[in-house]
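What follows is a short report on a single structure.
The values are calculated or read from the model by the stated rules, or taken from the named source; none is laboratory data. Since the model is a prediction, treat every value here as computed from it, not as a measurement. Note: ideal-geometry Cβ built from the backbone for every residue, glycine included; neighbour counts use all protein chains shown. Areas reflect the complete protein model, heavy atoms only, side chains present, ligands, DNA and RNA absent. Shrake-Rupley method; radii C 1.70, N 1.55, O 1.52, S 1.80 Å.
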Amino acid sequence: MTKRYWNITFEEMMEAGVHFGHDTRKWNPRMAPYISTKHKGIHIINLTQTARFLSEACDLVFYAASRGKQFLIVGTKKKAADLVKRAAIRARCHYVNKKWLGGMLTNWYTTETRLRKFRDLRMEQKAGKLTSLPKRDAATLKRQLSHLETYLGGIKYMTGLPDLVIIVDQQEEYTALRECITLGIPTICLIDTNCDPDLADISIPANDDAIASIRLILNKLVFAISEGRSSYIQNF
């Protein structure tokens with residue numbers, strides 16, 4: 001896999017607050033190699049390590065995208081939800097940004113059944129069929145459709161398991177990460193100082209609480225995916 005230059009600068013990482021970790025009392029000792037110091041009771045993340053692993057992650061997603069692979073981006077906490085949706089739409093990726101439904105990947109048959117139901121309801125709504133039903137029945141189906149849109153809207157075009165999963169917060173999305181590990185799906189995970197760096201295939205040490213930090217990491221990955229997709233289209 002050829003190394004590329006992704007223009008990751010210390011200035012932009014500092015400005016986005018990527019280096020701010022958690023309270024020193026709330027940390028995982030396995031994160032020690034990724035911490036440079038502590039300041040006023042907060043661990044400071046080593047940005048050299050961040051740049052290294054973010055660059056590796058960009059290389060990986062570029063390579064995967066250039067071969068037509070499918071991505072899933074997961075980030076359900078409030079601060080990340082909108083950023084995840086925007087990033088996924090920009091890079092034409094699937095996404096989950098509201099709630100991870102247990103077994104979404106490991107019980108793919110059930111997920112597929114829900115997605116078929118979702119697609120059928122959407123088609124019926126577009127065809128105006130719901131308006132011809134009794135009010136109570138129509139209201140029930142509309143509630144079902146709204147529920148499915150909320151939790152499955154970001155994966156409605158997913159026809160199989162993703163080739164690579166990007167996870168914004170390891171602690172918040174631990175169930176999703178475990179499902180990927182069980183299925184052998186490669187993962188890229190943004191990890192703060194309270195996380196375990198050994199769980200994901202590529203762990204990017206960074207502040208997972210600041211919107212600016214999450215946005216910066218996602219923007220770099222999305223740019224690499226988009227570049228890879230362009231390469232795939234040109235070589236198709």
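Things to note:
- What a 1.4 Å probe finds exposed on the range 1-45 is 54% carbon and sulfur by accessible area, rounded to a whole percent.
- For the chain, the solvent-accessible area of protein heavy atoms averages 52 Å² per residue (probe radius 1.4 Å; ligands and nucleic acids excluded).
- Taking a span of 30 Å or more along the helix axis (Cα atoms) and a mean Kyte-Doolittle hydropathy of at least -0.5 as the rule, the DSSP H helices of the chain that qualify are 211-235.
- In the chain, the calculated helix contribution to ellipticity at 222 nm averages -15500 deg cm²/dmol per residue, counting -39,500 (n - 2.57) for every DSSP H run with n ≥ 4.
- Note on the chain: GNM, Cα springs under 10 Å; of Asn28, Asn194, Asn219, the largest mean-square fluctuation is that of Asn28.
- Listed pairs Lys77/Lys142; Lys40/Lys78; Lys78/Lys129; Lys79/Lys142 exceeding 31 Å between Cα atoms: Lys78/Lys129
- For the range 1-94, applying the loop criterion from DSSP together with a ceiling of 16 other beta carbons within 10 Å to the chymotrypsin sites (Phe, Trp or Tyr not before Pro) yields Tyr5.
- Note on the range 47-176: with neighbouring protein chains present and a 1.4 Å probe, carbon and sulfur make up 49 percent of its accessible heavy-atom surface.
- Under the Debye formula (equal points on every Cα, no solvent term), log10 I(q)/I(0) of the range 156-225 at q = 0.29 Å⁻¹: -1.36
- Prolate/oblate/rounded label for the range 194-236 (Cα gyration tensor, a/c 1.5): oblate
- Size descriptor, Kirkwood hydrodynamic radius, that averages inverse alpha-carbon separations across the range 1-68, Å: 13.5 Å
- As a length-normalised measure over Cα pairs under 8 Å and 6 or more apart, the relative contact order of the chain settles at 32 percent.
- Among the listed options [x] 50, 48, 29; [y] 65, 46, 32; [z] 62, 43, 41, the one matching Cα extents along the principal axes in Å as calculated from these coordinates is [y].
- DSSP-loop chymotrypsin sites (Phe, Trp or Tyr not before Pro) across the range 96-193, with at most 14 other Cβ within 10 angstrom: Tyr157
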